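Inspection log for the structure reproduced underneath, given as structure tokens.
The values are calculated or read from the model by the stated rules, or taken from the named source; none is laboratory data. Keep in mind the model is a prediction, meaning the values are calculated, not measured. Heads up, the Cβs are rebuilt from the backbone with ideal geometry, glycines too, and the neighbour counts pull from every protein chain shown. The protein model used for the area step is the full one, side chains on, heavy atoms only, and it has no ligands, DNA or RNA in it. Shrake-Rupley method; radii C 1.70, N 1.55, O 1.52, S 1.80 Å.
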Amino acid sequence: MQIQSPDYKIFDPQDFPAYLPKLNNLYDDLFSGGKGFRGKLIKIFAKNLKLDPKAETLLAQTIEFIHNASLLHDDLIDRSALRRGKTTAWLRFTPEYAVLAGDYLLARVMVNLSGFGNIKLVQYTAQMISDLLEGEWLQDSLVGDFKVELHQLDRVHNLKTASLFKWCLRAPFIAQERYDENLHSTLEEMGTLLGQLFQRSDDLLDYDIRNYEGKAVLGDLRSGYINSFAAFVTQHVPTSEKEYLKNIKTLTDFKNYVGGEEVFEQKLKEFDQANEFLIQLYHHHLKNLERHLASHEQKLMSDLSPLTDLLYWRKKP
Amino acid sequence: MKIELLTLDKKDDRFLGYLLGTFSKEFRAIPVQSLNVHQKTNQVTFKILKKEDIVPPFLGMHWIQILKIRNLIMVAFPVFLTIINLLSARQPIEWIYGTLASLGAFSLLIAVNLHNDYLDHLSGLDRLHPDSRSRVIQKGWVTASQMKNWSFFYGFLGGLLGLPSLIQFPQVGFVILAVVVIGLVGLTSYKMGLRYRRWSELSVFFLLGPVLSSGLHFSFGGLSLNAEFWKAIIFGTYSGLLSLFYLNIKNYEQIMVNDQARFVNTVSYLGFERSKWFLAFFWVILVLGLLVFYLMGAELWSFLSALVISSFFTYKFLKKLFRLQSPIGSQIAECCFTAKLGSLTLMIIWSLDLLLKLFQFRIVT
């Protein structure tokens, strides 16, 4: 069975050894859900930069493999029971298989990329995976720390979340052997901002804000983790009172803790305002990207422009 | 509210003007922070703000932050020790020369701090490193150009204030020579602020330690190579170690960003776990050093008080240190705060004991 992210053949059972028990079942489960957003981002670049179709498929497969590998490991680390509405791999199969399946995806990425022949792409991908793992490690070290500050979380998210977005923006140019420093510096900043906005929007879901998909609330807090929104809202709470956060069980409790519904709404406004600046910064960098693009590539700008609305405000395209 | 943004390449003619803040009298250009520490970049994005919209703190309180007044304790403590040392030995004190030299030392420390912040800003380090940035430039209170000018002013003032001591006591010249050599090697070897390189640790130890205390000893009229001179060196060594401990604690607090930016200092070299042992050992040396000073002439109750207070901080600090799970987050900040408070407490209790001894000595005699 071939799994398709819309428009993509991401996973073909021929990619993996058939003799390994349960491996293909595990991947069937894993790849059959998800929006494939990162793969779609690659498609946007591929279309506008006229990327070679083989390169396009390789890049899309690479990012989806890495992303899904991180999900396999994440779910085990967090002991999550559900992923995309289904039982998580470590529960359905075994924790050992979940770890190995994640490792195998990463190994496959390296095999496929090294076959492509662009050493800088291999190097950059390896760096990205390293950053992703560092971010995971650091995030895990912050569980139970209710006094962590937003700027510290930003550093973790820049490694854990933004590294994948940065890769999506930079890898297509690297695949075309376009290595201009200013271009990549601009893309790096754009990727950081997209990652930050995506993470912050995701963190808002935990407090039932713009939660159109009806995801469970307070999951982060109950797991002992202060996300970016909670860190922002509680920044003026005296440090000695922050330990009380571990006793909070409901959203109403949290709103009362920060000072009531009105204060909560006011803090949300301020959080959105702070992120408006990040959105403005993203569009500023996007404008600067223009000078690095050929005339036939300029449509990339209009394709990348709505991403902030999609990722932060969760507006449908 | 939309903020005006501008990205400039470092090769752009306008770049230096924006970076230094000399491009306009009505506007300030504040570099936007980047989280990408290890990404090489030739461009900087600025926020352009109207100067009239930037409101500095009331009554010029921002100057306390600009001049880093609280760091001056690193000079104040050796000054205090020098005076006590000479008073205890009943040596005549040259108050005017000593005071001028002390003010000169304060000025030089301010000059070095301002220059460090200026270099950090010029190199772009303040955009990447949350602790390094001279927050005063980030807030738009001063421009980098003003900071550079102030550093030259305080440097010149420091030299001027030290001149009478140099003329009166030529042996101060050796101290000044040591300062110049250490300062030139440290500041000119690298294009960024001093405290991020290994050389900075040695510089801090010597400049705020035995070099400073020997210079102050001579300036206050102390004689060369007598018992009080060697005591001054010992006191200076201890205060140098305190300053070095403080620097290492700050480096530990920023270990993650320092490591990502490839700064090599003792703590980044040792890493997160092994640095715990290094800092614990360092702290124990400081405490034992203090207790040895006490053993050499303190009353029993004074020694026991110091023992109890230092044991309390040792317990608190080491407990927090060895329970640390993350190089980021609130725990490391709390641990480092305990260490800084502990080292300040060591200074205070020793100072109080010395004052008490001097007071008792004066009453008896």
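Listed values, structure above:
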{"quantity": "Heavy-atom accessible area, 1.4 Å probe, ligands and nucleic acids excluded: residues of the range A:273-292 down by at least 30 Å² from chain alone", "calculated": "A:277, A:280, A:281, A:284"}
{"quantity": "Whole-percent carbon and sulfur share, accessible surface of chain A, 1.4 Å", "calculated": "53"}
{"quantity": "Length gained when the stretch residue B:262-residue B:315 is fully extended (0.36 nm per residue, less Cα-Cα span)", "calculated": "15.8 nm"}
{"quantity": "Accessible area of residue B:145 in the full protein assembly, 1.4 Å probe (Å², nearest 10)", "calculated": "20"}
{"quantity": "Cleavage-rule hits (GluC sites (Glu not before Pro)) in the range B:269-352: DSSP loop, at most 15 neighbouring Cβ within 10 angstrom", "calculated": "B:299"}
{"quantity": "Exposure ranking of B:348, B:167 by accessible area [1.4 Å probe, largest first]", "calculated": "B:167, B:348"}
{"quantity": "Gyration tensor (Cα) of the range B:179-312, equivalent ellipsoid semi-axes in angstrom", "calculated": "30, 24, 8"}
{"quantity": "Alpha carbon convex hull of the range A:182-317, volume per residue in cubic angstrom", "calculated": "116"}
{"quantity": "Efficiency of FRET from Cβ geometry, residue B:333 and residue A:237, R₀ 25 Å, rounded to 0.05", "calculated": "0.95"}
{"quantity": "Estimated distance in nm for a label pair at residue B:61 and residue A:116, the labels positioned 7 Å out from Cα along Cα-to-Cβ", "calculated": "5.4"}
{"quantity": "Solvent-accessible surface (1.4 angstrom probe) belonging to residue B:13, in square angstrom, nearest 10", "calculated": "150"}
{"quantity": "Average partner coverage of A:183-191, which counts Cβ from other chains inside 10 Å", "calculated": "4"}
{"quantity": "Reduced Cα scattering model of the range A:1-142, Debye log10 I(q)/I(0), q = 0.14, 0.19, 0.22 Å⁻¹", "calculated": "-0.67, -1.22, -1.53"}
{"quantity": "Peptide-level mean, for A:141-152, of C-beta atoms on other protein chains within 10 Å", "calculated": "5"}
{"quantity": "Proportion of all alpha-carbon pairs of the range B:262-352 beyond 18 Å (%)", "calculated": "48"}
{"quantity": "Cα-based Kirkwood hydrodynamic radius, chain B, one decimal, Å", "calculated": "22.2"}
{"quantity": "Accessible carbon and sulfur surface of chain B relative to its total accessible area, %, 1.4 Å", "calculated": "68"}
{"quantity": "Sites residue B:323 and residue A:47 - FRET efficiency at Förster radius 45 Å, r taken between beta-carbons, to 0.05", "calculated": "0.30"}
{"quantity": "Nearest-10 value in Å² for the accessible area of residue B:50, using the 1.4 Å probe", "calculated": "90"}
{"quantity": "Dipole axis of the range B:1-133 (+1 Lys, Arg; -1 Asp, Glu on Cβ), positive-most option in B:89, B:111, B:49", "calculated": "B:49"}
{"quantity": "At R0 = 56 Å, FRET efficiency that the Cβ-Cβ distance of residue A:274 and residue B:291 yields, to 0.05", "calculated": "0.65"}
{"quantity": "Protein heavy-atom accessible area occluded, A/B pair - total, 1.4 Å probe, Å²", "calculated": "2700"}
{"quantity": "For chain A, convex hull volume per residue from C-alpha positions, Å³", "calculated": "130"}
{"quantity": "5 angstrom amide H check on residue B:46, placed H, neighbours 5+ away", "calculated": "B:6, B:7, B:8, B:32"}
{"quantity": "Magnitude of the charge dipole, chain A, Cβ model with Lys/Arg +1 and Asp/Glu -1, debye to 20", "calculated": "720"}
{"quantity": "Principal-axis tilt of helix B:330-364 within chain B, Cα atoms, nearest 10 degrees", "calculated": "30"}
{"quantity": "Net lengthening on full extension, residue B:42/residue B:89 (0.36 nm per residue, minus Cα-Cα)", "calculated": "11.0 nm"}
{"quantity": "Å² of accessible area per residue within the protein assembly as shown, as computed with a 1.4 Å probe and no ligands counted", "calculated": "46"}
{"quantity": "Rg over Rh [alpha-carbon atoms, Kirkwood Rh] for the range A:108-219", "calculated": "1.05"}
{"quantity": "Largest to smallest principal axis extent of the C-alpha atoms in the protein assembly as shown, angstrom", "calculated": "98, 57, 53"}
{"quantity": "Segment residue A:126-residue A:211, extension gain: residue separation times 0.36 nm, minus the distance between their alpha carbons", "calculated": "27.2 nm"}
{"quantity": "Accessible-area order (highest first, 1.4 angstrom probe) of the listed residues A:213, B:201", "calculated": "A:213, B:201"}
{"quantity": "Ranking by accessible area, most exposed first, for B:63, A:90, A:167 with a 1.4 Å probe", "calculated": "B:63, A:90, A:167"}
{"quantity": "Separation in nanometres of the label points that stand 7 Å from Cα toward Cβ, at residue A:295 and residue A:177", "calculated": "2.5"}
